[in-house]
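The values are calculated or read from the model by the stated rules, or taken from the named source; none is laboratory data. Because the structure is a prediction, the values reported are computed rather than measured. Please note: Cβ atoms are built from the backbone with ideal geometry, for glycine as well, and neighbour counts cover all protein chains shown. With ligands, DNA and RNA removed, areas are computed over all heavy atoms of the protein, side chains included. Shrake-Rupley method; radii C 1.70, N 1.55, O 1.52, S 1.80 Å.
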Amino acid sequence: MKRPVFTAAFFFFHLALFAQKQLELRLDFEVQEVKIEEAVRKLDQTSGIRFAFSSDIFPTDRRISLSMQNASIKSILTQILKNTDVQYKLVGNQIVLYFKPRPPAKYTISGYIMDAVSGEKLISANVYEADSRRGASSNIYGFYSLTLEEGIREIRFSYLGYETILKKLNVDANTKINISLKPALTLSEVVVTARPRSGNTSVISTYDIVPERYETLPTLGGEVDVIRLAHLLPGVQTGADGVGGIHIRGGNADQNLVLLDGVPVYNPAHMAGIFSVFNSKAIKSARLIKGSFPARYGGRLSSILDVRTKEGNKKEYRKEFNIGLTSAKLSIEGPLKKDTSSFFLSARRSFLDLFVRPVSERIKEDRGETGFSTYNFYDLNAKFNISAGSRDELFASFYRGGDQFRNETGAAFQNASGTFSFRQSDSQDLEWGNTVASLRWNHIFGSKLFSNASINYTRYQFESRDFFSYQDTLRTDSSSLREFNIGKFNSLIEDIGARIDFDFIPSPNHYWRFGAELTRHFFRPGVAALNDAIALSFPDVAFIFSSLDSIDNPSITNLEGAVYLEDEWQITPRLHANIGLRASLWQADEKTYYNL
């Protein structure tokens, strides 16, 4: 009963094998300026192999010429169907031709999104194409890349507080388009909605802090402060009595990675944490990441605060002066060469010393003492950028800020008879602050690959000086006692590093980031020096006792490095994933430690 089935299968197998061998037969074939259908029919007649097809699968406006000698039927058919969407397959003892359209070609639109008035790059601006429901966001340097299928596409460029631009493009090649958005001066209908997610961005536990949005919130001394604004976010706590930095889900303040233009800042606070070192007039954007750290960050446990400063107006010169209850700010920006290079300079200084000094003098005077107490802080920001062609931009940024505290106290006494008197003076000087500098080079390799290379420097220094002087005199026996104490304490953290980062956008569903960094850490935990001198003088005799104690802790140099790979993957329109791997290295005391 099973034999006829076996016989039929065996027959069709040999039939297909025979047809396959027929394709390898060789012959001479020639046509001149004929339609593709006519060429196929001629091959049908000369080869002896049956071709099955429908006439409407061939393009009617194309003619071909072909001359081949001693060529296989397979190679001749391949040349006839070249540059068409017609394919073939072997079915039994015949060749079936069918139409299979090629997937549409894809091209990439890329470039920078900028402020039309100042030329500043806009971070996290949205690029969206409605028909394909594809979108992207500009990165922290304002660069975007969006891959779309060829054809006429209407692309939407938008950013909060700016007018939206709709651009209709014929997507038929990789194209670089720089977009300038104008600030929106008027409001039309206001619709309150949830903020949509455009592009490939996984924003788990991530908050963008824009100082301009919080100008109307009540602030201490009228000072808009990024770190104080972070205290309003869920999961963020302050230290004791509302000062002491930010504490994320139980972490200490020193477990936060605070970056200024990509460079770590070790002490981001003024006045014991009441104010931060970030001048709100110099900030372009700030992002707080409380959990699920991307692989491109490392070195801390608690959170990441990434602050980016303004680059300067490339169109026109601008000046701005602000004065509040606690400080004054001055900002100057403008083009070095219009549309090509710019600068931004900003300074902030507190004038708390104008209030503290007279009040402290009055308090000490009421106590029968002389002297005063004073405190102030300052910040200086500078940034320069130069466009070196359409693919390269160079940046140089600098920050210097610090706190200064001084306290002086003096007292004097003399009895009524004038036989005994003493004089005492005491002073303390405290200075601490940060210095941050970086050189950065942005380069566009193509429509899908962007790089940022930088050399960074950061330093935090604390210095304390104490001076004490005491002298008394007893006129009855002409004796006197003098004592001097001088103490000094110094602490230093200094880093020099290099870093390179790449952004690669192979498709709308993937956003790859990869790079490497190397940092040399220099620590000086503390250097203290103490000088004591005591002089006793009597008639005809003088005794001098002096001592010099010095504690010089040796400096420590360590090396830290890391490489990382990260992919923001849009699995579905409602499901995103950030997958990353980071390998770190730490070298100390001639030992090397690795972590993956």
(message) Every residue in the stretch 66-118 that is among the charged types (D, E, K, R) and either under 51 Å from the mean Cα position of the chain (by Cα) or under 30 Å from residue 392 (Cα atoms) (or both), please.
(response) 82, 85, 100, 102, 106, 115
(message) Looking at 373, 350, can you tell me which residue is in contact with a Ser or Thr (Cβ under 7 Å, 6 or more places away or on another chain), open to solvent by less than 10 Å² (accessible area, probe 1.4 Å) and more than 30 Å from residue 561 (Cβ to Cβ)?
(response) 350
(message) I'd like the residue in the stretch 541-574 that is modelled with pLDDT under 85 and among the small types (Gly, Ala, Ser) and, out of all such residues, is farthest from residue 493 (Cα to Cα).
(response) 542
(message) Could you go through the stretch 447-457 and let me know if any residue there is under 26 Å from residue 334 (Cβ atoms), under 43 Å from the mean Cα position of the chain (by Cα) and not in a strand (DSSP E or B).
(response) no
(message) For the structure I just gave you, tell me whether residue 105 is under 30 Å from residue 61 (Cβ atoms) and in contact (Cβ under 8 Å) with a residue 24 or more places away in the chain.
(response) yes
(request) Would you check if residue 32 is surrounded by fewer than 16 Cβ atoms within 10 Å (Cβ to Cβ), over 60 Å from the mean Cα position of the chain (by Cα) and modelled with pLDDT of 85 or more? (result) yes
(request) Residue by residue through the stretch 423-437, note down the ones that are crowded, with 16+ Cβ neighbours inside 10 Å and not charged (D, E, K, R). (result) 424, 425, 428, 430, 432, 433, 434, 435, 436, 437
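What are the residues in the stretch 477-524 that are assigned to a strand (DSSP E or B), more than 30 Å from the chain's Cα centre (by Cα) and either at pLDDT 70 or above or acidic (Asp, Glu) (or both), if any?
483, 485, 486, 487, 488, 489, 490
The rows are residues; the columns are (1) of a type in the set (D, E, K, R); (2) open to solvent by 60 Å² or more (accessible area, probe 1.4 Å); (3) within 25 Å of residue 441 (Cα to Cα); (4) at pLDDT 85 or above.
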{"site": "128", "(1), (2), (3), (4)": "no, yes, no, yes"}
{"site": "138", "(1), (2), (3), (4)": "no, no, yes, yes"}
{"site": "156", "(1), (2), (3), (4)": "yes, yes, no, yes"}
{"site": "165", "(1), (2), (3), (4)": "no, no, no, yes"}
{"site": "196", "(1), (2), (3), (4)": "no, yes, no, no"}
{"site": "203", "(1), (2), (3), (4)": "no, no, no, no"}
{"site": "206", "(1), (2), (3), (4)": "no, no, no, no"}
{"site": "209", "(1), (2), (3), (4)": "no, no, no, no"}
(request) Tell me which residues, restricted to the stretch 38-65, are within 59 Å of the chain's Cα centre (by Cα) and open to solvent by 30 Å² or more (accessible area, probe 1.4 Å). (result) 53, 54, 55, 56, 59, 60, 61, 62, 63, 65
(request) Return yes when residue 406 is at pLDDT 90 or above, under 30 Å from residue 114 (Cα atoms) and of a type in the set (Lys, Arg) and no when it is not. (result) no
